[in-house]
Each structure stands twice: as structure tokens, then as C-alpha cells.
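Notes follow the structure.
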Amino acid sequence: MFTAPGLNRFCRESYNDPVEVYERLKRLGMSIATITDHDSIDGVEVLRRYPDFFLSEEVTVQMPSGTEMHLGVYGIVERDHAEIQRRRTDFLRLLAYLTGRKLFFSVNHVFSGLTGRRHEDDFQWCASRVPAFETRNGQMWPRANQEAERLARRLGKIDIAGSDSHTIAGVGRTYTEVPGALNAEEFLAGLRAGHGVVRGVHGSYCKITADVYRVVRSLLYAEPWTLPLTPLAAFVPAFTAAHWLNEILFCRKWSAKLDGERNTRRLLRPLGTSLESKLAH
């Protein structure tokens with residue numbers, strides 16, 4: 001469900017049918033597929049019978065600074081999901097679990113304001129502890145993706161890409177390729193070895209506006225009682241324009257703060273003793 005007050009009572013973030021998503025991915029030539037739903041694996045239960053599908057999720061994690069970020073965690077099992085959800089309000093405990101289980105994970109859309117405010121320490125933790133950065137997101141401003149890629153290069157991080165599509169239209173249009181990988185195990189091993197190649201399209205204002213209209217259409221179909229709210233759809237372009245402007249300003253602010261070799265070195269400075277001791281426990 002949408003997390004915004006009011007909408008969280010009746011509107012979903014996505015109305016995609018998992019089987020339709022999978023079939024579209026196969027038509028587009030994907031040999032292996034995964035879906036990273038927000039803090040949930042329930043929606044993809046039906047896909048677990050396919051040998052070329054592996055389980056993943058996008059985790060909303062609370063950082064030591066009190067801010068929130070999104071981590072993509074790949075190749076999990078049900079027990080991992082339960083532990084991840086139990087620990088996601090404490091980045092240090094979650095990090096200890098992910099590294100202990102040797103799970104592959106990434107920080108997603110690092111130059112996006114979708115999860116709210118950001119603190120410089122968030123970037124320091126990602127620089128020091130997160131193995132991969134999402135450097136191409138199919139819904140993000142192209143420059144935000146470019147800045148993520150530039151930061152990943154400076155920090156020596158693994159690149160991944162994903163569509164982040166909440167409607168069927170963008171599914172499989174942005175993706176990660178590991179040449180020669182024949183199954184999920186080889187794919188994840190290739191990612192860890194840095195053999196992944198990001199492919200596909202970036203986001204745009206027109207693209208995200210069209211997607212919001214698709215979600216509205218699906219909502220009206222799923223919940224006919226919302227039909228009287230249809231006139232409010234006229235405000236969608238203004239809403240997405242405000243969102244897009246916020247994304248641009250957020251990216252410019254943080255890319256400028258982190259720019260330059262000196263600031264990159266600062267990101268890689270040793271973490272404070274108190275934080276290290278928390279991680280050790």
C-alpha cells in the first residue's frame with residue numbers, strides 16, 4: 001500500500017500481476033528474473049515454482065542517523081525475509097545479518113529523495129559496508145543515475161540496475177546482465193565478482209507521470225467506489241512535477257556535497273569507535 005496518509009487505506013503502490021510481470025520479462029529475453037517488492041515477499045509466492053526465478057526484496061532500513069534508505073537484498077529465502085524485517089529498523093543489526101549470511105545487497109537510488117532526508121553519515125556507511133550501488137534505476141532522473149555511477153566508480157562498488165517499475169509498462173526495460181550466467185547462482189556469483197553490466201533506460205518526468213496515471217486507472221478498476229475521486233487526476237501532472245523537481249534538487253545538493261577527491265576520501269575514513277562496537281555486537 002502507499003505509505004502516504006489517506007492513500008494508505010485504499011491505494012496500492014502497484015497493481016502488477018506477478019505472473020504477468022514474469023511472462024513479460026521472458027518475452028523481453030530475460031533468462032533469469034527476480035522481483036524486489038517493498039518489505040514483502042508475499043506477492044511473488046506464485047513465481048517460486050519457476051526454476052529461473054529467485055527471491056529478493058527491497059528493504060526500507062533505518063540508518064544510525066535516523067534517516068531511511070532502500071537496500072536491495074538478493075537471493076534470499078523465507079527465513080532471511082523474516083530476519084530482515086525484524087532487523088530493518090536498525091541498520092547495524094541488519095548489516096551484521098546480511099554479511100553473516102553472505103547475502104548480496106545494494107543501496108538503491110542513493111541520490112533520490114524518495115525516502116526523505118539524508119545525512120552525510122549515510123553515505124559513509126554505504127561507502128564502507130555496502131558492496132553494490134544501484135547505478136541505473138528506470139524511474140530516476142538520468143543525472144541521478146549518472147551521479148550514482150560516478151560515486152560507485154570512485155568508491156570501487158559493484159554496479160547493478162533495475163526497472164523500479166510499479167506498472168507493467170516499464171518492467172524489464174532497465175536491467176542487469178551477467179554474461180554467461182545460466183542460473184541464479186551463477187548470476188549472483190557474477191555480480192559479486194563485478195561482472196554485471198547495467199543496461200536499459202533511465203526515468204523521465206513524462207514516464208513517471210504516465211505511470212501514476214496507470215496506477216490511478218488500476219485503482220479505479222479495483223475499487224469502483226473511488227470513481228467520484230476521478231477529477232483529482234487532473235492534478236497528477238502538478239504532483240509529479242513537484243516530485244521531479246525535488247529529485248533534481250536533492251541530487252544536485254548531495255552530488256555537490258560529495259564531489260571531489262577530498263570528500264571521497266572522507267567517505268572512506270574509519271568509522272567512529274562507538275558505531276564499530278555496535279556492529280561488532
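Out of 72, 66, one residue alone is assigned to a loop (DSSP other than H, G, I, E, B) and either among the charged types (D, E, K, R) or out of contact with any Cys (no Cβ under 7 Å at 6 or more places or on another chain) (or both). It is 66.
Yes/no matrix, rows are residues, columns are (1) in a helix (DSSP H, G or I); (2) surrounded by 15 or more Cβ atoms within 10 Å (Cβ to Cβ):
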| residue | (1), (2) |
| --- | --- |
| 180 | no, no |
| 198 | no, yes |
| 209 | yes, yes |
| 217 | yes, no |
| 227 | yes, no |
| 234 | yes, no |
| 238 | yes, no |
| 242 | yes, no |
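As a summary of the residue check, residue 144 satisfies the conditions (1) in a loop (DSSP other than H, G, I, E, B); (2) open to solvent by less than 30 Å² (accessible area, probe 1.4 Å) except for the one numbered (1). Do we have any residue at all in segment 23-37 that's closer than 27 Å to residue 232 by Cβ and touching a residue at least 12 places away in the same chain (Cβ under 8 Å)? Checked against the condition, which is being closer than 27 Å to residue 232 by Cβ and touching a residue at least 12 places away in the same chain (Cβ under 8 Å), segment 23-37 yields at least one hit.
Counting only residues that are within 24 Å of residue 82 (Cβ to Cβ) and within 19 Å of the chain's Cα centre (by Cα), segment 23-60 holds 20 of them.
Look at (1) part of a loop (DSSP other than H, G, I, E, B); (2) of a type outside the set (D, E, K, R); (3) closer than 21 Å to residue 176 by Cα and you find that residue 40 fails only one, number (3).
Taken over segment 147-163, the residue count meeting the criterion of being open to solvent by 40 Å² or more (accessible area, probe 1.4 Å) and of a type in the set (Asp, Glu) is 1. Collect the residues in segment 6-25 that are over 17 Å from residue 38 (Cα atoms) and open to solvent by 70 Å² or more (accessible area, probe 1.4 Å), keeping them in residue-number order. 20, 23 - these are the residues of segment 6-25 that are over 17 Å from residue 38 (Cα atoms) and open to solvent by 70 Å² or more (accessible area, probe 1.4 Å). A single entry from 266, 262, 252 fulfils the requirement of being modelled with pLDDT under 60 and either of a type in the set (D, E, K, R) or more than 27 Å from residue 92 (Cβ to Cβ) (or both): 262. Considering the conditions (1) modelled with pLDDT of 95 or more; (2) open to solvent by less than 50 Å² (accessible area, probe 1.4 Å); (3) over 17 Å from the mean Cα position of the chain (by Cα); (4) not charged (D, E, K, R), residue 184 is excluded by exactly one of them, (1). From the list 57, 45, 13, 20, the lone residue that is under 22 Å from residue 201 (Cβ atoms) and either modelled with pLDDT of 95 or more or assigned to a helix (DSSP H, G or I) (or both) is 20. The residues of segment 49-66 that are surrounded by fewer than 19 Cβ atoms within 10 Å (Cβ to Cβ) and under 15 Å from residue 25 (Cβ atoms), listed by number, are 50, 51, 52. Can you tell me which residue in segment 101-125 is farthest from residue 144 (Cα to Cα), limited to those that are among the basic types (Lys, Arg) and open to solvent by 30 Å² or more (accessible area, probe 1.4 Å)? Among those residues, the one meeting the criterion is 101. Selection of first residues in segment 188-210 that are basic (Lys, Arg) and of second residues that are assigned to a helix (DSSP H, G or I), restricted to Cβ pairs under 8 Å at least 6 apart or on distinct chains, gives the following pairs, ordered by first then second residue: 207/170. Just one of the listed residues (98, 92, 71) is over 28 Å from residue 18 (Cβ atoms) and open to solvent by less than 20 Å² (accessible area, probe 1.4 Å), namely 92. Each residue in segment 90-125 was checked for being within 14 Å of the chain's Cα centre (by Cα) and in a helix (DSSP H, G or I), and 0 pass. For residue 194, are the conditions met, namely being at pLDDT 95 or above, small (Gly, Ala, Ser) and open to solvent by less than 70 Å² (accessible area, probe 1.4 Å)? No: the conditions fail for residue 194. Of the numbered criteria (1) part of a helix (DSSP H, G or I); (2) in contact (Cβ under 8 Å) with a residue 24 or more places away in the chain, the one residue 135 fails is (1).
The values are calculated or read from the model by the stated rules, or taken from the named source; none is laboratory data. Predicted model only: the values in this text are computed from it and were never measured. We place every Cβ from the backbone using ideal geometry, glycine too, and count neighbours over all the protein chains shown. Just the protein is used for accessible areas: all its heavy atoms, side chains included, with ligands, DNA and RNA removed. Shrake-Rupley method; radii C 1.70, N 1.55, O 1.52, S 1.80 Å.
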